[in-house]
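Contents: one structure, followed by commentary.
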Amino acid sequence: MLAGCGSSTLGPLITNGLDARRDLQRYVDQRRRHGTPDTQPLDALVDIDATYRRMFGATATTQFVSNVEGWIVTAEGMDRNPMLLVNEEPLVALAGDDAAARFMIFPNKQLAVSVTWPDTTMIITDSILTEAEMGVDTAAVVVDWSKAARAPIPIGGTRADSLYVSIAVFTDGSFSVLDTSFVCADTGSITLPTRIADSARVGDQILVYINRSYYRMHHLNTPRSGYGNRIVGILQRCRLANRVYIVP
């Protein structure tokens, strides 16, 4: 007779929300578009996705904001009304979803996340990257790329563990069949794939979209959880864009 299964630190396989906690970790990989170095189940996740909003009016400006979403797992599974505060601002639960969300502007790098489970409330402090540190710009960076020299395309900002890159080629005003995507190390530059570089013609435009993410986990001492410490993931993401012109 099978009496029990699962890790002694994580609880039985079908209790303590383990399936939902594993799903939440896999959701990190989906958001990053590729795997993370650490696959430990998560009890909560905060995703800070960098984006821009164009402000219209007499003095139109482009504002850097973040779409912040959060999830909490309890012993029963995913919490459909998660109690999450980010820098003292409550995230609002989305109808029919397990997440809470809010558009936010971070005036500095400080991040304080308050997570409330049925048995405890914990506060996580962290330091996030600014848009300049991530290498983000409000518009595509224009780059001339020499077909003869074939130098790597530089990207600024703090390096992540890896990048998800997608490339679209414009030839004679339309997409070519040479569109591609791949994962690579973040070395501070992007090398065009050989088949793209070989086929590109002078006058073509290549759109290079770079998805960069930074992920870290906080282990919280919560002995009343029933299975040990809780783990909260902090994911910060941005999208960099380069418009590359092929020159001789």
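The values are calculated or read from the model by the stated rules, or taken from the named source; none is laboratory data. Everything quoted here is computed from the prediction, not taken from an experiment. Note: ideal-geometry Cβ built from the backbone for every residue, glycine included; neighbour counts use all protein chains shown. These accessible areas exclude ligands, DNA and RNA; they are computed on the full protein's heavy atoms, side chains included. Shrake-Rupley method; radii C 1.70, N 1.55, O 1.52, S 1.80 Å.
How many of the residues making up the stretch 113-130 are open to solvent by less than 50 Å² (accessible area, probe 1.4 Å), part of a loop (DSSP other than H, G, I, E, B) and either farther than 19 Å from Gly17 by Cβ or not hydroxyl-bearing (Ser, Thr, Tyr) (or both)? Counting residues in the stretch 113-130 that are open to solvent by less than 50 Å² (accessible area, probe 1.4 Å), part of a loop (DSSP other than H, G, I, E, B) and either farther than 19 Å from Gly17 by Cβ or not hydroxyl-bearing (Ser, Thr, Tyr) (or both) gives 5.
Answer with yes or no whether Tyr209 is closer than 23 Å to Arg33 by Cα, in contact with a strand residue (DSSP E or B) (Cβ under 6 Å, 6 or more places away or on another chain), open to solvent by less than 30 Å² (accessible area, probe 1.4 Å) and of a type in the set (Phe, Trp, Tyr).
No: the conditions fail for Tyr209.
With the structure loaded, tell me whether Leu192 is part of a loop (DSSP other than H, G, I, E, B), open to solvent by less than 30 Å² (accessible area, probe 1.4 Å) and not hydroxyl-bearing (Ser, Thr, Tyr) or whether it fails that test. Spelling it out, Leu192 is indeed part of a loop (DSSP other than H, G, I, E, B), open to solvent by less than 30 Å² (accessible area, probe 1.4 Å) and not hydroxyl-bearing (Ser, Thr, Tyr). Of the numbered criteria (1) surrounded by 12 or more Cβ atoms within 10 Å (Cβ to Cβ); (2) closer than 26 Å to Arg212 by Cβ, the one Gln110 fails is (1). Scanning the stretch 8-31 for residues that are open to solvent by 50 Å² or more (accessible area, probe 1.4 Å), of a type in the set (S, T, N, Q) and at pLDDT below 80, which turns out farthest from the chain's Cα centre (by Cα)? In this case the residue turns out to be Ser8. Somewhere in the stretch 164-174, is a residue aromatic (Phe, Trp, Tyr) and either open to solvent by less than 20 Å² (accessible area, probe 1.4 Å) or closer than 30 Å to Ile206 by Cα (or both)? Scanning the stretch 164-174 turns up at least one residue that is aromatic (Phe, Trp, Tyr) and either open to solvent by less than 20 Å² (accessible area, probe 1.4 Å) or closer than 30 Å to Ile206 by Cα (or both).
Taking the stretch 32-50 as the range and being among the charged types (D, E, K, R), over 21 Å from Lys109 (Cβ atoms) and open to solvent by 20 Å² or more (accessible area, probe 1.4 Å) as the test, the residues that pass are Arg33, Asp38. Of the residues making up the stretch 131-142, those that are surrounded by 15 or more Cβ atoms within 10 Å (Cβ to Cβ) and either modelled with pLDDT of 85 or more or in contact with a Phe, Trp or Tyr (Cβ under 7 Å, 6 or more places away or on another chain) (or both) are Glu131, Met134, Gly135.
Residue-wise test of (1) touching a Ser or Thr at 6+ places or on another chain (Cβ under 7 Å); (2) part of a strand (DSSP E or B); (3) of a type in the set (A, V, I, L, M, F, W, C); (4) without any contact (Cβ under 8 Å) to a residue 24 or more places away in the chain.
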| residue | (1), (2), (3), (4) |
| --- | --- |
| Val202 | no, no, yes, no |
| Tyr209 | yes, yes, no, no |
| Arg212 | no, yes, no, no |
| His218 | no, yes, no, no |
| Arg224 | yes, no, no, no |
| Ile234 | no, yes, yes, no |
| Leu240 | no, yes, yes, no |
